[in-house]
Every structure is written in C-alpha cells, then in structure tokens.
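Some notes on the structure that comes next.
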C-alpha cells in the first residue's frame with residue numbers, strides 16, 4: 001500500500017509539472033514559456049525570462065509541449081510532503097528578480113517590444129575618437145522601425161552623423177526617411193520613399209554651406225527572385241527633389257528626375273543577413289547620379305547585433321547635396 005502511495009505521489013508530481021512551449025523565431029532563436037493566445041495575427045507568448053512577448057505569426061512559430069494523455073494520468077495524492085527550509089530558500093532565490101535582471105538585455109527587449117507592439121526595429125550607434133596627425137571625433141546614432149502586413153510593409157528610419165577634425169566641424173547631418181511597399185502579388189510591387197536631409201557642414205561648393213533636401217520617390221518594380229531566403233527586385237521610379245540652400249545665401253530649387261533601382265536581400269548561415277540597394281539617375285547633359293548602400297548584419301544574440309555598412313553617393317541630381325563615401329561598423333539593439 002505504501003509503495004502504491006509513493007508511486008502515486010511521484011506520478012502526480014511529474015504530471016503536475018507543466019511542460020513548456022517553445023517560441024522559435026525565423027533566425028533560429030528559441031524562447032521557453034507558454035502560448036497565451038493568437039489574436040489579429042500576433043502570437044501572445046508568456047516567456048519564462050522576458051515576460052509577455054507579442055510576435056507576428058509571420059516571424060515565429062510555437063512548438064507546443066507534449067502533455068501526458070489524460071487516459072494515462074494517475075490521481076495526485078491529496079497530501080503532499082511539506083517543503084524543507086532549504087528547499088524554500090532555494091525556491092525564493094529562483095523567484096527573486098534582481099536589479100540586474102530588470103535591466104538585462106532580454107528584459108529591456110521585452111519591455112520595448114511591448115511598447116511598440118507589432119512594430120519591430122533597431123537602435124544602433126557607432127563612435128570613434130582618433131588622435132594621430134589630427135584629432136578626430138566621429139559619432140553616429142540611428143533608429144529603425146518596421147511593420148509588415150500581408151501585402152504591405154512600412155519602414156521609418158532616422159540617423160544623425162557628427163564629426164570634427166582639429167576642432168573643425170566636418171560632418172553634422174540629420175537624415176530621416178521612410179518607405180511604403182505594396183505587393184500586388186509575389187512578383188509585382190509599387191513603392192513610395194520620402195526622405196529629408198539636413199546638412200549643416202556641406203563642402204560641396206568649396207566652403208561650409210547648409211542645406212535642406214527633400215526627395216520623394218514613386219516607383220514600380222518586379223521581383224525576379226522571391227523566396228524567404230533570397231529576394232532580388234528591379235524597378236523604375238520618378239523622383240521629385242526640393243532643395244533649400246540656407247547658408248550662406250537662401251535659395252530654393254526643385255526638379256523631377258527618373259531613376260532605375262535594384263534591391264537585394266539574402267539570409268545567410270550563422271544568423272547573418274546581407275542587403276544592398278543601388279539607384280541610377282540618368283540626367284541629360286549632366287553627369288549621371290548614382291548611389292549604393294551595402295550592409296552585412298550579424299545577430300550576436302536575440303537582442304544584440306552588429307553590422308558592417310558601406311555607402312556611396314555621387315552627383316545627386318539636386319545639384320548641391322554633399323557627395324560621400326562611408327564605411328561603418330555599428331552595434332545594434334534589436335526589438
């Protein structure tokens with residue numbers, strides 16, 4: 001009888017322990033916890049370490065835990081042995097949330113994700129202080145927000161670059177941009193890309209000048225390769241440029257210019273990603289303008305990533321915007 005009681009206690013303890021569900025992101029990251037609900041295309045997942053997470057169903061799947069079948073379950077003994085003082089102390093230590101835990105990367109990510117809801121994004125920064133033949137200081141900070149629907153994707157970006165060399169201001173630029181892409185099917189799409197650039201240290205015309213540039217791009221394109229891991233798009237656009245020269249003299253100009261563009265997105269092994277976008281502006285009786293941006297991104301953890309980015313711009317059709325070539329390494333916080 002005693003053996004049967006002990007067996008019932010052991011089985012009841014095993015069956016009473018809830019097995020954990022697993023939230024698996026597309027990049028392979030896994031989080032243990034419990035799936036609470038699926039509403040409006042969003043998984044509401046209560047994780048053990050990060051609290052409540054809200055993840056679009058397109059970005060992750062949930063592997064349900066294996067439950068013990070009800071037909072095999074045995075009754076749990078009505079009386080359980082009281083926990084010892086040592087066991088209670090161990091349990092209190094497990095349940096205790098330390099100050100470090102509250103400000104850990106995972107906890108902060110969960111709070112940021114809960115704040116932005118279905119929006120995802122990244123905060124990144126780069127910093128450099130060099131002292132050789134000249135004293136140089138370079139700072140860069142940027143943010144990105146992305147939201148996806150079944151046929152639409154919206155992205156908002158902001159960036160600030162600042163640099164000095166021997167106490168002379170060489171870069172002081174604030175840029176904000178956005179994009180909206182609507183997919184008619186797996187191949188055809190249309191997009192709208194507005195941007196604004198405020199440069200207070202341009203040397204395009206030999207001396208320090210200040211300008212504000214606004215650009216609107218209306219385009220259509222076709223995806224010649226479209227898989228979850230590889231995307232290649234080609235398209236054409238019409239661009240509207242508005243330029244305000246603020247210093248040393250005020251002036252305003254505007255013009256419309258056609259362009260052709262290509263976009264590349266690759267998902268690589270080891271949680272790496274590669275993106276590239278190039279634009280060509282054919283201009284009659286002037287030098288053709290072009291720009292290109294290449295970025296290699298590597299996820300270090302679920303919340304931290306680093307990226308290597310190369311950007312180049314030449315002969316922008318507005319006529320006054322600064323040409324540049326940039327190579328940067330950035331550390332990012334993903335949410």
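Does residue 211 satisfy the condition of being more than 30 Å from residue 305 (Cβ to Cβ), in a strand (DSSP E or B) and in contact (Cβ under 8 Å) with a residue 12 or more places away in the chain?
Working: more than 30 Å from residue 305 (Cβ to Cβ): yes; in a strand (DSSP E or B): yes; in contact (Cβ under 8 Å) with a residue 12 or more places away in the chain: yes.
So residue 211 fits the description; yes.
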Subset of the range 237-275, residues touching a strand residue (DSSP E or B) at 6+ places or on another chain (Cβ under 6 Å) and exposed (fewer than 12 other Cβ atoms within 10 Å of the Cβ), comes to 251, 252, 254, 256
It is to be established whether one or more residues within the range 94-105 are modelled with pLDDT under 65, in contact with a helix residue (DSSP H, G or I) (Cβ under 7 Å, 6 or more places away or on another chain) and not assigned by TED's automatic domain parsing to the domain that holds residue 195. yes
Go through the residues of the range 187-199 one by one and say whether even a single one is under 26 Å from residue 315 (Cα atoms) and modelled with pLDDT under 90. yes
Determine the pairs where a residue that is outside the structural domain of residue 304 (by TED's automatic domain parsing) and under 17 Å from residue 267 (Cα atoms), located within the range 24-44, has a partner that is at pLDDT below 85 and part of a strand (DSSP E or B) with Cβ atoms under 7 Å apart, the partner being 6 or more residues away or on another chain. 24/30; 24/60; 24/61; 24/63; 25/60; 26/60
Within the range 149-172, restricting to residues that are at pLDDT below 90 and buried (at least 17 other Cβ atoms within 10 Å of the Cβ), the one that is nearest to residue 305 (Cα to Cα) is 161
Please pick out the residue among 247, 286, 311 that is modelled with pLDDT under 95 and under 28 Å from the mean Cα position of the chain (by Cα). 311
Residues located in the range 277-313, provided they are buried (at least 17 other Cβ atoms within 10 Å of the Cβ) and over 29 Å from residue 267 (Cβ atoms): 281, 289
Taking residue 316 as meeting all but one of (1) surrounded by 15 or more Cβ atoms within 10 Å (Cβ to Cβ); (2) part of a strand (DSSP E or B), write down the number of the exception. (2)
Hey, residue 209 in the same structural domain as residue 314 (by TED's automatic domain parsing), modelled with pLDDT under 90, loosely packed, with under 13 Cβ neighbours inside 10 Å and out of contact with any helix residue (DSSP H, G or I) (no Cβ under 8 Å at 6 or more places or on another chain) or not: no
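Can you report the number of residues in the range 288-319 which are more than 25 Å from residue 236 (Cβ to Cβ), in contact (Cβ under 8 Å) with a residue 24 or more places away in the chain and in contact with a strand residue (DSSP E or B) (Cβ under 8 Å, 6 or more places away or on another chain)?
Step one: of the range 288-319, the residues more than 25 Å from residue 236 (Cβ to Cβ) are 296-309.
Keeping just the survivors that are in contact (Cβ under 8 Å) with a residue 24 or more places away in the chain gives 296-299, 301-307.
With in contact with a strand residue (DSSP E or B) (Cβ under 8 Å, 6 or more places away or on another chain) added as a condition, the list becomes 296-299, 302-307.
Total satisfying the criteria: 10.
The values are calculated or read from the model by the stated rules, or taken from the named source; none is laboratory data. Note that the structure is predicted; figures quoted are calculated from it, not measured. Glycine gets a Cβ as well: all are built from the backbone with ideal geometry, and neighbour counts include every protein chain shown.
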